[in-house]
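Visitor: Take a look at this one; I'll ask things after.
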Amino acid sequence: MGIIVTKNEIIDIVKKGQAEGKTFVATNGCFDILHVGHVRYLKKTKSLADYSIVMLNSDNSVKLIKGPERPINNEQDRAEILNALLYVDYVVLFEEKSPAKLLEAIKPDIYTKGADYTLETLPERDVVLRNNIKVEFIEFVQGKSTTNIINKCLG
């Protein structure tokens, strides 16, 4: 089970942990309606390092990306749900469309992203290259998405 932290707290945690030889992996997302695809993605992410960090899009950030009807669940609820998973050690919110600034500040050892990206198409490419952050692309679970769940509910 994880801890919900601020940007400054996670920066300090990572610096201290890395100085002690611990490794950190970070990922990001909206995680609006949690499903098995999310759980498998987070499990794989956690398997790559000693500690995992989820950089969670704030409500304002989700609206910028997904539109005015989203998120379905507010940022505090989404953070608490993620926090309850054993594959998540830390949850930190960010306001921008992209987690690039937060990723630059945290400097984890590894960054995971869905396999629909490549290094060439990765929005955070410059940050990971500049900071020597290893990138792992994780395959999605076919047919599992928040959008599919919403569409099924609306029938």
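Visitor: Could you list, in sequence order, all residues of region 65-90 that are of a type in the set (A, V, I, L, M), in contact (Cβ under 8 Å) with a residue 60 or more places away in the chain and either under 23 Å from residue 123 (Cα atoms) or surrounded by 14 or more Cβ atoms within 10 Å (Cβ to Cβ) (or both)? Walk me through it before giving the result.
Guide: So the first thing to find is which residues in region 65-90 are of a type in the set (A, V, I, L, M), and the list is 65, 72, 79, 81-82, 84-86, 88.
Remaining after also requiring in contact (Cβ under 8 Å) with a residue 60 or more places away in the chain: 72, 79, 82, 84-86, 88.
Matches in region 65-90: 72, 79, 82, 85, 88.
Visitor: Turning to a different aspect of this structure: Sort out which residues of region 32-49 are modelled with pLDDT of 95 or more, outside any helix (DSSP H, G or I) and under 22 Å from residue 101 (Cβ atoms), and write them in order of number.
Guide: 49
Visitor: Out of everything in region 1-26 that is assigned to a strand (DSSP E or B) and out of contact with any Gly (no Cβ under 9 Å at 6 or more places or on another chain), what residue ends up being surrounded by the most Cβ atoms within 10 Å (Cβ to Cβ)? Walk me through it before giving the result.
Guide: Taking region 1-26 and keeping what is assigned to a strand (DSSP E or B), we get 3-5, 24-26.
Okay, now just the ones that are also out of contact with any Gly (no Cβ under 9 Å at 6 or more places or on another chain), so 3-5, 25-26.
Working: 3: 13, 4: 18, 5: 19, 25: 24, 26: 26.
That would be 26.
Visitor: List the pairs whose first member sits in region 117-139 and is at pLDDT 95 or above and part of a helix (DSSP H, G or I), whose second member is exposed (fewer than 14 other Cβ atoms within 10 Å of the Cβ) and of a type outside the set (Lys, Arg), and whose Cβ atoms are under 9 Å apart, counting only residues at least 6 apart or on separate chains?
Guide: Pairs that qualify, where the first residue is at pLDDT 95 or above and part of a helix (DSSP H, G or I) and the partner is exposed (fewer than 14 other Cβ atoms within 10 Å of the Cβ) and of a type outside the set (Lys, Arg), are 125/119; 128/119; 129/119.
Visitor: Go through (1) closer than 22 Å to residue 83 by Cβ; (2) surrounded by 15 or more Cβ atoms within 10 Å (Cβ to Cβ); (3) not acidic (Asp, Glu) for residue 114 and report which single condition fails.
Guide: (2)
The values are calculated or read from the model by the stated rules, or taken from the named source; none is laboratory data. Note that the coordinates shown come from a computational prediction; the quantities given were computed from them, not determined experimentally. Positions of Cβ are generated from backbone atoms using ideal geometry, with glycine treated the same way; all protein chains shown enter the neighbour counts.
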